[in-house]
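Written below as structure tokens is the structure these notes are about.
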Amino acid sequence: MKDRKLLNIELGRISAEQYRTERPQSGLVVVLDNIRSAHNVGSAFRSADAFGVDKVFLCGISAAPPSPEIHKTALGAEDSVPWEYCANTIDAVRRLKDEGYTVLCVEQTEHSLKLGRDFRRSPGQKLALIFGNEVDGVRQDVVDESDAALEIPQSGTKHSLNVSVAVGVVLWELVR
């Protein structure tokens with residue numbers, strides 16, 4: 001055997017309760033704007049847990065726990081990452097701004113900042129990241145309410161990533 005895989009027990013992971021109460025705050029919040037697929041919501045929870053997100057806001061038609069579909073992809077991360085349902089994404093955005101967050105929608109706009117090139121997180125900066133619907137992206141009124149748009153640079157023939165993949169890419173870049 002060249003390289004033995006570690007067992008889950010060897011990874012030293014914290015419990016869901018420790019995640020919620022003992023883990024240092026990261027200053028990162030994820031806002032899901034009308035995500036149609038509960039599986040995408042679950043995957044976003046799993047990435048949020050992996051990268052230490054403080055809270056997930058589920059807005060509009062986004063599915064919310066408890067849900068078998070969310071649990072299938074979240075693998076329990078919906079129990080570790082605090083979450084809140086907000087009927088209106090704009091209300092969540094305004095509240096987060098009032099709490100001192102810089103609000104970035106992850107969207108392709110005329111003046112979007114390229115992730116990893118045009119935007120770097122300042123130390124201690126609180127960020128709220130808005131991810132949009134699988135078909136239409138982040139709603140224009142939500143883009144308008146955001147402080148800026150953050151774009152994942154892409155070079156292929158497609159112009160978008162699956163929303164759950166986008167969550168993982170953006171979070172990884174911001175915490176690495």
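Give Ser47, Ser43, Ser62 a once-over and let me know the one that is in a loop (DSSP other than H, G, I, E, B) and surrounded by 16 or more Cβ atoms within 10 Å (Cβ to Cβ). Steps first, answer last, please.
Values: Ser47 fails: in a loop (DSSP other than H, G, I, E, B); Ser43 fails: in a loop (DSSP other than H, G, I, E, B).
Of Ser47, Ser43, Ser62, the one residue that is in a loop (DSSP other than H, G, I, E, B) and surrounded by 16 or more Cβ atoms within 10 Å (Cβ to Cβ) is Ser62.
Just to verify a result, which residue in the range 1-32, among those that are among the hydroxyl-bearing types (Ser, Thr, Tyr) and not in a helix (DSSP H, G or I), is surrounded by the fewest Cβ atoms within 10 Å (Cβ to Cβ)? Outline the logic, then answer.
Start the filter on the range 1-32 by keeping residues that are among the hydroxyl-bearing types (Ser, Thr, Tyr), which leaves 15, 19, 21, 26.
Next, from what is left, pick out any that are not in a helix (DSSP H, G or I): 15, 26.
Details: Ser15: 11, Ser26: 17.
Only one residue tops the list, namely Ser15.
Given the criteria in contact with a Leu (Cβ under 9 Å, 6 or more places away or on another chain), under 21 Å from Asp33 (Cβ atoms) and among the charged types (D, E, K, R), does Glu107 qualify? Talk me through it step by step, then tell me what you get.
Details: in contact with a Leu (Cβ under 9 Å, 6 or more places away or on another chain): yes; under 21 Å from Asp33 (Cβ atoms): yes; among the charged types (D, E, K, R): yes.
So Glu107 fits the description; yes.
Give me the residue from the range 84-133 that is in contact with a helix residue (DSSP H, G or I) (Cβ under 9 Å, 6 or more places away or on another chain), at pLDDT 95 or above and charged (D, E, K, R) and, out of that set, nearest to Pro65 (Cα to Cα).
Glu84
Could you please find all residues in the range 95-114 being within 23 Å of Thr21 (Cβ to Cβ), surrounded by fewer than 18 Cβ atoms within 10 Å (Cβ to Cβ) and in contact (Cβ under 8 Å) with a residue 24 or more places away in the chain? Walk me through it before giving the result.
Applying the first criterion (within 23 Å of Thr21 (Cβ to Cβ)) to the range 95-114 yields 95-96, 99-101.
Checking which are surrounded by fewer than 18 Cβ atoms within 10 Å (Cβ to Cβ) leaves us with 95, 99-100.
Residues satisfying the conditions are Glu99, Gly100.
Which one is farthest from Leu171 (Cα to Cα) among residues in the range 98-114 that are outside any strand (DSSP E or B) and either within 17 Å of the chain's Cα centre (by Cα) or of a type in the set (Val, Ile, Thr) (or both)?
Filtering the range 98-114 down to residues outside any strand (DSSP E or B) leaves 98-101, 107-112.
Restricting the remaining residues to those that are either within 17 Å of the chain's Cα centre (by Cα) or of a type in the set (Val, Ile, Thr) (or both) gives 101, 107-109.
Working: Tyr101: 16, Glu107: 15, Gln108: 17, Thr109: 20 Å.
Only one residue tops the list, namely Thr109.
Test Arg95 against the stated conditions and say whether it is within 22 Å of Phe57 (Cα to Cα), more than 14 Å from the chain's Cα centre (by Cα) and of a type outside the set (Asp, Glu). Show your work before the answer.
Values: within 22 Å of Phe57 (Cα to Cα): yes; more than 14 Å from the chain's Cα centre (by Cα): yes; of a type outside the set (Asp, Glu): yes.
When the stated conditions are applied, Arg95 passes them.
Quick check on my filter: what residues within the range 115-156 are touching a strand residue (DSSP E or B) at 6+ places or on another chain (Cβ under 8 Å), β-branched (Val, Ile, Thr) and either in a strand (DSSP E or B) or touching a residue at least 60 places away in the same chain (Cβ under 8 Å) (or both)? Break it down stepwise before answering.
Step one: filter the range 115-156 for residues touching a strand residue (DSSP E or B) at 6+ places or on another chain (Cβ under 8 Å), giving 115, 119, 121, 125-133, 138-139, 142-143, 145-153.
Narrowing the set further to residues that are β-branched (Val, Ile, Thr) leaves 130, 138, 142-143, 152.
Ile130, Val138, Val142 - these are the residues of the range 115-156 that are touching a strand residue (DSSP E or B) at 6+ places or on another chain (Cβ under 8 Å), β-branched (Val, Ile, Thr) and either in a strand (DSSP E or B) or touching a residue at least 60 places away in the same chain (Cβ under 8 Å) (or both).
Suppose we filter Ala48, Ala64, Ala44, Ala92 for residues that are under 25 Å from Leu161 (Cβ atoms), touching a strand residue (DSSP E or B) at 6+ places or on another chain (Cβ under 8 Å) and free of Cβ contacts under 8 Å to residues at least 24 places away in the same chain; which single one remains? Give the derivation first.
Details: Ala48 fails: free of Cβ contacts under 8 Å to residues at least 24 places away in the same chain; Ala44 fails: free of Cβ contacts under 8 Å to residues at least 24 places away in the same chain; Ala92 fails: free of Cβ contacts under 8 Å to residues at least 24 places away in the same chain.
Only one candidate qualifies: Ala64.
Out of all the residues in the range 157-168, which are over 15 Å from Val41 (Cα atoms) and either of a type in the set (A, V, I, L, M, F, W, C) or in a strand (DSSP E or B) (or both)? Spell out how you get there, then give the answer.
If we filter the range 157-168 for residues that are over 15 Å from Val41 (Cα atoms), which is where we start, we get 157-160.
Across the range 157-168, there are no qualifying residues.
Do we have any residue at all in the range 148-167 that's buried (at least 19 other Cβ atoms within 10 Å of the Cβ), of a type in the set (S, T, N, Q) and within 14 Å of the chain's Cα centre (by Cα)?
yes
The values are calculated or read from the model by the stated rules, or taken from the named source; none is laboratory data. Note that this is a predicted model, so its numbers are computed, not measured. Neighbour counts are summed over all protein chains in view; Cβ atoms, including those assigned to glycine, are modelled from backbone coordinates with ideal geometry.
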